[in-house]
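**Student:** Before I ask anything, let me first share the structure, which is written out below as structure tokens.
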């Protein structure tokens, strides 16, 4: 059952939409440390939850009703339109019979203001409205995740929410020189380290490593993650903040000894519901490690990496959302991450300071609605979409194109190429802007607000310009940059060309030209990050080239497995060997070896190999178009809000079952049949 359905079925804690996501997200991102426990706050605008929120609901009570009440903060209850009523006493309140509006005004400077009311008919649920401006713009209240269960109770205050843990130990421990201890936990883990059988009082240095060389490096500017811990004698000392690692080295001061280590492993905030198996065991292992990577980067919100950065970057998160729809099905973490990344008003910079990340965020709202059918979220976030796009539009050049302005970061990808150009418009950014504008038109149509035609007109104008502006006939492809003097730069990259393939910018001849001159041309710089490999391979999947895609996955992601990866990396260059493969950003161990955007096969396999995609919001209608790409057999499960879609292809025969009440169509070898409901 979804969170929205539970809200309608029983009383629930309610808060202003997005406030708990902001509160938890700020705390989560403030936990990042580097080089000895030094804090590393984010370098973009942060927003706080509202300290004062009013909640309202209209009632028509035939008889007086006594309710139970709890709140986070200080609460004032009123019945608008009636004489003053009694105050709250012993968490009870009696509402008189009559037709009026209940008002609950809650103030809190700690956890965000929230309230829980439970009576025979008066219950806090999705029918309540919330506003912090007091009668300015009421929105449906939001149910934040409570401490223990999604249903919650009057005792499960949402501020007590914490991820579950389980005890785990290393697969090996060894002593190095003196009293140093080195532990290998066998794979990338995330949790709270525990020092066992501590003797003596003093200080212990703990060095975390995603690789063994990182954990063994005792230079102060070598490993990213290390800290000093003050300990006292005792059976165990549990460190205060959860971290990501595979290896740890423990170095006690003289007079202190530590006999062993273990951990309270912090579990993913969502449960795995998707599955994939096929005739190729290497691909099966890649899917499993991809799923593990996504689980490790799924905390209170989607974060970038288990070790570094542990922040919510919009470009990374857009891929995490898509992967999560195919692995988890439950979508609370996607909604909360979208709320957190957007923050509040006024908008003073692009999301994460990055122009492309603003456009990815807007696109992600449309995709969230398609996969979940959560129209309520669109209503809650619509005004924030408009103010963000107004900010982006105000920074366009005189031709309405996305030219970077002071303070903007045009990121695109980590690459040796010069991608972050100034002095022009990149074809890549213009295409992302088109997608964002088209998203705005669609959302306007769903919520019935704004001028959908205006957004659509802006999108159509910019879309029509892309090929005429950026196409170079001699190169047979889109060029990267249109300079301010109106001429094209001579830089040819894969980025806008692969997006053009996926998003239908090219006619048949242009498509073949791009494939030959860019995508299949080794002279064009290869993409080194799983981040943009995701989009390159998706473009090929859109053209039905799954044989080639699976070969690329075997080589690229399989190459990381051959290097000993137990989760997938931020960047992989096969030529880098030894300790050099761990370096990045000019830092010896700067590379993240557990990075959210490394989990792309979870999405690619579910969406394009199993072939499951929603056609109408929330899978009310969906398609199943399997493409095994040369595999002998393939089978798997894709979760939906209404139940799983199960797909199998064996001996040239495709079968699928899906949830009752949804219309699914299986397309296989020129035939289309309705997907039967699972028995």
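**Student:** Residues being crowded, with 17+ Cβ neighbours inside 10 Å and in contact with a strand residue (DSSP E or B) (Cβ under 8 Å, 6 or more places away or on another chain): count how many of those fall in region 463-488.
**Tutor:** Selection size over region 463-488: 11.
**Student:** List the residue pairs whose Cβ atoms are under 7 Å apart, where the first residue sits in region 358-370 and is closer than 24 Å to residue 348 by Cβ, the second is outside any helix (DSSP H, G or I), and the two are 6 or more positions apart or on different chains.
**Tutor:** Taking only residues 6 or more apart or on different chains, the pairs are 358/350.
**Student:** Next question. Name, by its number, the condition in (1) in contact (Cβ under 8 Å) with a residue 24 or more places away in the chain; (2) surrounded by fewer than 20 Cβ atoms within 10 Å (Cβ to Cβ); (3) more than 26 Å from residue 584 (Cβ to Cβ) that does not hold for residue 284.
**Tutor:** So the condition that residue 284 fails would be (1).
**Student:** Pick out the one residue from 126, 153, 114 that is modelled with pLDDT under 85, over 30 Å from residue 194 (Cβ atoms), under 26 Å from the mean Cα position of the chain (by Cα) and crowded, with 16+ Cβ neighbours inside 10 Å.
**Tutor:** Matching residue, one of 126, 153, 114: 126.
**Student:** While we're on this one: Out of the residues in region 220-271 meeting the condition of being in contact with a helix residue (DSSP H, G or I) (Cβ under 9 Å, 6 or more places away or on another chain) and under 13 Å from residue 192 (Cβ atoms), tell me which one is modelled with the lowest pLDDT.
**Tutor:** Ranking the qualifying residues of region 220-271, first place goes to 267.
**Student:** To continue, here is another question. Listed residues 622, 608, 582; which is surrounded by 16 or more Cβ atoms within 10 Å (Cβ to Cβ), out of contact with any helix residue (DSSP H, G or I) (no Cβ under 8 Å at 6 or more places or on another chain) and touching a residue at least 40 places away in the same chain (Cβ under 8 Å)?
**Tutor:** Values: 608 fails: out of contact with any helix residue (DSSP H, G or I) (no Cβ under 8 Å at 6 or more places or on another chain); 582 fails: out of contact with any helix residue (DSSP H, G or I) (no Cβ under 8 Å at 6 or more places or on another chain).
Of the residues listed, the single one that is surrounded by 16 or more Cβ atoms within 10 Å (Cβ to Cβ), out of contact with any helix residue (DSSP H, G or I) (no Cβ under 8 Å at 6 or more places or on another chain) and touching a residue at least 40 places away in the same chain (Cβ under 8 Å) is 622.
**Student:** Using the structure shown, decide if residue 455 is part of a loop (DSSP other than H, G, I, E, B) and under 28 Å from residue 324 (Cβ atoms).
**Tutor:** Here the answer is no, as residue 455 does not meet what is asked.
**Student:** Sticking with this one: Kindly list the number of the only condition in (1) closer than 20 Å to residue 573 by Cβ; (2) surrounded by fewer than 17 Cβ atoms within 10 Å (Cβ to Cβ) that fails for residue 556.
**Tutor:** Here residue 556 meets the rest and fails (2).
**Student:** Does residue 414 fit the bill of being assigned to a loop (DSSP other than H, G, I, E, B) and under 21 Å from residue 312 (Cβ atoms)?
**Tutor:** The answer is yes for residue 414.
**Student:** Specify which of the listed residues (536, 570) is within 25 Å of residue 308 (Cβ to Cβ), surrounded by 15 or more Cβ atoms within 10 Å (Cβ to Cβ) and touching a strand residue (DSSP E or B) at 6+ places or on another chain (Cβ under 8 Å).
**Tutor:** 570
The values are calculated or read from the model by the stated rules, or taken from the named source; none is laboratory data. Given the structure is predicted, the values throughout are model-derived calculations rather than measurements. Every residue, glycine among them, receives a Cβ derived from its backbone with ideal geometry; neighbour counts consider all protein chains shown.
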